[in-house]
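The values are calculated or read from the model by the stated rules, or taken from the named source; none is laboratory data. Here the structure is a predicted model, which means the values were calculated and not measured. Note: ideal-geometry Cβ built from the backbone for every residue, glycine included; neighbour counts use all protein chains shown. The protein model used for the area step is the full one, side chains on, heavy atoms only, and it has no ligands, DNA or RNA in it. Shrake-Rupley method; radii C 1.70, N 1.55, O 1.52, S 1.80 Å.
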Amino acid sequence: MQSKTSYKNSPIGFLRLFRLRFAASCVLLTFHVSPVTAAIAVTTLGVDLLPSACTLAFNDIHCHSLSNLRRRDTLRRIAQSSQLMFRRPVTQNPTGQLFRMANYRKRMNFYSSDYSKNEMKRYSMSSDSNTQQNKYRPLVIVLAGPTAVGKSDVAAALCSHSIATEIMVRHQQNHWSKSSNESEKSSNDSDNRLETRGHVVSADSVQVYRGVSIGANKPSREEMERTPHHLVDIVDPPDHDIAGEDEYVKSSMNGTVKVSSYNAADWMRDAEYVIQKLTLHECNGGFDADEGDQHENTGAKNEEIVRRRKCIDDYFNESYRNEGRATSRTPILPVVVGGTMFYLNWLVHGRPDAVRPTEEALKRAAGMITKFKKDSDIYSSVKCDERGHNQVDEINAGSMKPGNTIEEEANVEQETADERSWTNASKYVSSLGPVFASRVTKLCGRDWYRLRRLLEVAYTVAFSKMQSESFESLGDENDEARILSYLTENEVYTGIRSGGLPDLGYDVRCFFLCPDDRMLHFHAVDQRCEEMLLKGLLRETADLFVSGGLPEDSQVTRAIGYRQSMDYLLRKDAKMNDRDSFLSFVDNFATATRQYAKKQMQWFRRDSEFAFIPVKMEWSKNDRVKDAASRIADMCKLSREDFVAQLTFDIGDIISNEAETTLANVQLPIPARTRLANEQQGKGMKFFISKRELLIEGSTELRDTLAEADKYTMIVQGH
């Protein structure tokens, strides 16, 4: 084997260096002359050179100005992302990939005087980029997983004094061993004796509300005393129909809007605030007060933020008192835990770009949603796209996969009026164009809020296009339909995200607790649903309904468990001791929960930032929690480079597309092996048969729960 020196002096080495230098020059052209020229040249030389070429160009740019700092940062990001991209089989058009990267400069407006203030803060921290690279990035653990897999127990184990301290000490040692700042090393030698613990940051869209407990699977008081849980019980349930459409538009125009339901923007803001206090990290940039709240009155939202901050600070003080100290002088390990996919997606990847809707778009979208809710059969009278066919049917038909049980298929046929309203409304939004149809398929449950947001974006973009000078109208009423039907993804959503934890200077380690046996996991889901009913889910739902805590379309009402309970308690022709209706409700509840767990697995399998950690479902609870926590702790002790290597291992180079390849013959990192095994097991889930473990025929539990169900049915229907 040749040494590095002899390789460089060889003809092959000289040729590669020449190709690399020329490719780097082409990358520099991306920022100075012509994106098209650069893309064609680099593609001709070999698209595999792009990561190294970007890195070389990064080193060639001298940081004498703010604009050069921005270019260097962009090249660094492109180099990192292209490394991930080219470690996988290149199945897409590489020239198109390079064109999109080349247009990054235009989208970010690098030479614009009105560069976003968050980016200005980020780059104005120092004139030397090496200072930024050497700065310590506090560790944040993000823990996701399907329902009933044991996220809370694993998080509590990670937050223990021994494990959290060991993780934090090793993480700091990894940084200081690479740091060139000797004074920083010596000043932190004492941190080898660091004594700390972890706190849980809840990423659950229902646990934030006061008054809900069983349906939200909220931690008990004893659990919160052992391990502090932040962002729990910080918001009062809305006492009105959230963002009630007609009222919503009226109030938003006269400036007296009611504060709407807690959303992803609110949670992201609160989560970043909590994490900053836990890590004692001085963030630059972050989430602006008005960013992401495009509908609400700013004054009302700010008042709500102040109330939530006071609640968050009060809980901090309470947790410090329980630990016997007045305040925290040492960093605390944040462990973000939850299954709300949008929340975690925003926190890890940043807030997506969003079109600010016009007032006319707000009014039209709200009015259209109201029509669908009032008339479940209105879709036939609503004008779809000019081609006269329903695109959502095509998408659903194309995305249907085997795996639904007979009971799940039967439930589809028995739609309530509310379900028909949602189905027709989603069909209408999907019919606007393929961009919106693809977004509809990603919505979780009957998410009217995000469906309305899609309409607002559609109407706003169409209006903007029709007002542009290049638009040629045909003079008929189908101009808007034509525009929307031919929109591309990049015209509506640029794909650029901002404000995530990595942008704020954190080292984020993401993990997905993945059941190693999906059959056993689904049985655990069924048992979890039965346990919730035995704890009093119907009683809690009835109490919330009577007190006005379950307004139509609120986040709590839409949540799985509460939604099925409301449908059962408000059913027509209710009879006493109706065993069939009750057991049907139990089956519907369990089916909806399993479907959501399946969607969680599908969602996070597509996210390359998450390391899949196997959970041994056949083991005892204590053993599997201990094993999963140990695996996560070991990966958190790795350097950032070694951790990323575990995520970017290329399965495609080893395993063919023929699904018969067995994992036993393949050498893969545990996260990659677990991710692949989870996907392969999905093919056998069509044979899953649900079986009740607690509410079985002739049991005391079934008799008592049925009597309780009759009692609260009478209370709700008599209210």
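Go through the residues of the range 545-559 one by one and say whether even a single one is β-branched (V, I, T) and modelled with pLDDT under 90.
Yes: one or more hits.
If you check A243 against the conditions, is it at pLDDT 90 or above, surrounded by 20 or more Cβ atoms within 10 Å (Cβ to Cβ) and not β-branched (V, I, T)?
For A243, the condition - at pLDDT 90 or above, surrounded by 20 or more Cβ atoms within 10 Å (Cβ to Cβ) and not β-branched (V, I, T) - is not met.
Among the residues that make up the range 490-497, is at least one of them closer than 22 Å to A672 by Cβ and either at pLDDT 90 or above or assigned to a strand (DSSP E or B) (or both)?
No, that holds for no residue.
Return yes or no: is A574 among the hydrophobic types (A, V, I, L, M, F, W, C) and buried (at least 18 other Cβ atoms within 10 Å of the Cβ)?
No; evaluated as a whole, the condition is false for this residue.
Could you figure out which of (1) modelled with pLDDT under 95; (2) surrounded by 17 or more Cβ atoms within 10 Å (Cβ to Cβ); (3) not hydrophobic (A, V, I, L, M, F, W, C) isn't true of D128?
If we test D128 against (1) modelled with pLDDT under 95; (2) surrounded by 17 or more Cβ atoms within 10 Å (Cβ to Cβ); (3) not hydrophobic (A, V, I, L, M, F, W, C), just (2) comes out false.
For the range 353-369, indicate whether the set of residues that are at pLDDT below 70, under 24 Å from the mean Cα position of the chain (by Cα), loosely packed, with under 12 Cβ neighbours inside 10 Å and assigned to a loop (DSSP other than H, G, I, E, B) is non-empty.
Scanning the range 353-369 turns up no residue that is at pLDDT below 70, under 24 Å from the mean Cα position of the chain (by Cα), loosely packed, with under 12 Cβ neighbours inside 10 Å and assigned to a loop (DSSP other than H, G, I, E, B).
Restricting the search to the range 664-719, which residues are of a type in the set (D, E), assigned to a loop (DSSP other than H, G, I, E, B) and in contact (Cβ under 8 Å) with a residue 40 or more places away in the chain?
E693
What number of residues within the range 325-349 satisfy the criterion of being farther than 18 Å from Y262 by Cα and touching a Gly at 6+ places or on another chain (Cβ under 8 Å)?
Residues flagged as farther than 18 Å from Y262 by Cα and touching a Gly at 6+ places or on another chain (Cβ under 8 Å) within the range 325-349 amount to 6.
Right, V169: modelled with pLDDT of 90 or more and open to solvent by less than 10 Å² (accessible area, probe 1.4 Å) or not?
No, not satisfied.
From A629, A542, A590, grab the single residue that is part of a helix (DSSP H, G or I), in contact with a Cys (Cβ under 7 Å, 6 or more places away or on another chain) and buried (at least 19 other Cβ atoms within 10 Å of the Cβ).
The unique qualifying residue is A590.
Does the range 388-395 contain any residue that is outside any loop (DSSP other than H, G, I, E, B) and either modelled with pLDDT of 50 or more or charged (D, E, K, R) (or both)?
Looking through the range 388-395, at least one residue is outside any loop (DSSP other than H, G, I, E, B) and either modelled with pLDDT of 50 or more or charged (D, E, K, R) (or both).
If I filter the range 500-539 down to residues being part of a helix (DSSP H, G or I), touching a Ser or Thr at 6+ places or on another chain (Cβ under 8 Å) and open to solvent by less than 40 Å² (accessible area, probe 1.4 Å), which single residue comes out as farthest from V336 (Cα to Cα)?
Looking at the filtered set, the residue picked out is L538.
Considering only the range 424-434, state which residues are closer than 17 Å to V492 by Cα and open to solvent by 10 Å² or more (accessible area, probe 1.4 Å).
Selection gives L432, P434.
Taking the condition of being open to solvent by 30 Å² or more (accessible area, probe 1.4 Å) and either in a helix (DSSP H, G or I) or closer than 23 Å to F589 by Cβ (or both), how many residues in the range 152-166 meet it? Give the steps one after another, and end with the answer.
Going residue by residue through the range 152-166, those that are open to solvent by 30 Å² or more (accessible area, probe 1.4 Å) are 152-153, 156, 160-163, 166.
Filter once more, so that each one left must be either in a helix (DSSP H, G or I) or closer than 23 Å to F589 by Cβ (or both): 152-153, 156, 161-163, 166.
Total satisfying the criteria: 7.
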